[in-house]
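Report on the following structure.
The values are calculated or read from the model by the stated rules, or taken from the named source; none is laboratory data. The shown structure was predicted, so the numbers you read here are calculated from the model rather than taken from an experiment. FYI the Cβ positions are ideal-geometry reconstructions off the backbone, even for glycines, and counts take in every protein chain you see.
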Amino acid sequence: MSSVLASIDLTEIAVLVVSLLVTGAVAGFVAGLLGVGGGIVIVPVLYYVFTLLDMDEDVKMHVAVGTSLSTIIATSAMSMRAHWRKGAVDTAMLKRWSVAIVVGVIAGTALASSVKGPALTAVFGAVALIVSAHMGFSRPHWRVSDHPPRGFGEQLIAAGIGMVSAMMGIGGGTLSVPTLTLFNYPIHRAVGTAAAIGFLIGIPGTIGFVIGGLGAEDLPPFSFGYVNLLGLALILPTSMLMAPYGARAAHALPTRKLKLAFAAFLFLTGLRMLASSLG
């Protein structure tokens, strides 16, 4: 497939453009509303859009993940700035976690670049099922410990969050917020710190997927490695535009019911992606 878009007409291109714009808007709104990273929405939507375009199975998940990571750089930077002004970013924890996170991201991008597309799809599907179960069944009082671990345990958690997040194309919030709250960490501080973690994941993750995709065959037009610049250009503006509206809506809408609905969406998405990876 020398060109994904060469064989489709202008109507189909218009549908693609609109779908990517809507993807960004929904991802930004959900990120602001529920405190999850937009990547958990962007990756599966891009995957299905690329499937409709008949993109090669070996690259479509890699491009979905790489493109999602590239959008996280700007959105997490904006979110981090807002939380920083409110004093909700734990700089001491960031200093302790930063190196381990980056090491985890590098390991995750290297592993993702070396595996086949279905394997990467399976990773996303499996973790999506875990995240959906946590969103659907967890309770605010659930705790593993009264405080986050220190030393090797803390570094292992940070590296694991970085590695899995990079392989899934998601920011820090989806994994780090529930992890920190399970260790009795204040929720607002967890969300603010997670925004900074997303920034730490986004930059090396994007670079890794660019390098890993250089020279890859059957990439869609406007791709730089595994990062599709067209997708980035269309998703990022609407995502950044809608994130503040989602944050405002969180104070006016029944968030618990919305989380259950989103957990159901993630559950079905995870099952479908696991099934497609096996098919």
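Miscellaneous remarks
Let's see how each residue does on (1) of a type in the set (Gly, Ala, Ser); (2) modelled with pLDDT of 80 or more:
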position	(1), (2)
3	yes, no
8	no, no
13	no, no
23	no, yes
33	no, no
39	yes, yes
45	no, yes
57	no, yes
61	no, yes
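- Among the residues listed as 95, 60, the single one being closer than 30 Å to residue 18 by Cα and of a type in the set (Lys, Arg): 60
- Selection status of residue 169, on the phi > 0 side of the Ramachandran plot, buried (at least 24 other Cβ atoms within 10 Å of the Cβ) and modelled with pLDDT of 85 or more: yes
- If you check 89, 105 for being in contact with a His (Cβ under 8 Å, 6 or more places away or on another chain) and within 22 Å of residue 155 (Cβ to Cβ), only one passes: 89.
- Residue 144 under 20 Å from the mean Cα position of the chain (by Cα) and either under 26 Å from residue 273 (Cα atoms) or of a type in the set (Val, Ile, Thr) (or both): no
- The requirement of being under 19 Å from the mean Cα position of the chain (by Cα) and of a type outside the set (D, E, K, R) is satisfied by residue 31.
- Residue match in the stretch 97-119 (condition: surrounded by fewer than 20 Cβ atoms within 10 Å (Cβ to Cβ), without any contact (Cβ under 8 Å) to a residue 12 or more places away in the chain and not in a helix (DSSP H, G or I)): yes
- Qualifying positions in the stretch 193-205 - crowded, with 24+ Cβ neighbours inside 10 Å and either within 13 Å of residue 38 (Cβ to Cβ) or not β-branched (Val, Ile, Thr) (or both): 194, 195, 196, 198, 200, 201, 202, 205
- A residue that is over 20 Å from the mean Cα position of the chain (by Cα) and among the polar types (S, T, N, Q) can be found somewhere in the stretch 73-95.
- Qualifying residue in the stretch 243-253 (condition: in a helix (DSSP H, G or I), touching a helix residue (DSSP H, G or I) at 6+ places or on another chain (Cβ under 6 Å) and buried (at least 21 other Cβ atoms within 10 Å of the Cβ)): yes
- Scope the stretch 159-178; condition closer than 19 Å to residue 83 by Cα and either small (Gly, Ala, Ser) or more than 16 Å from the chain's Cα centre (by Cα) (or both); matching residues: 171, 172, 173, 176
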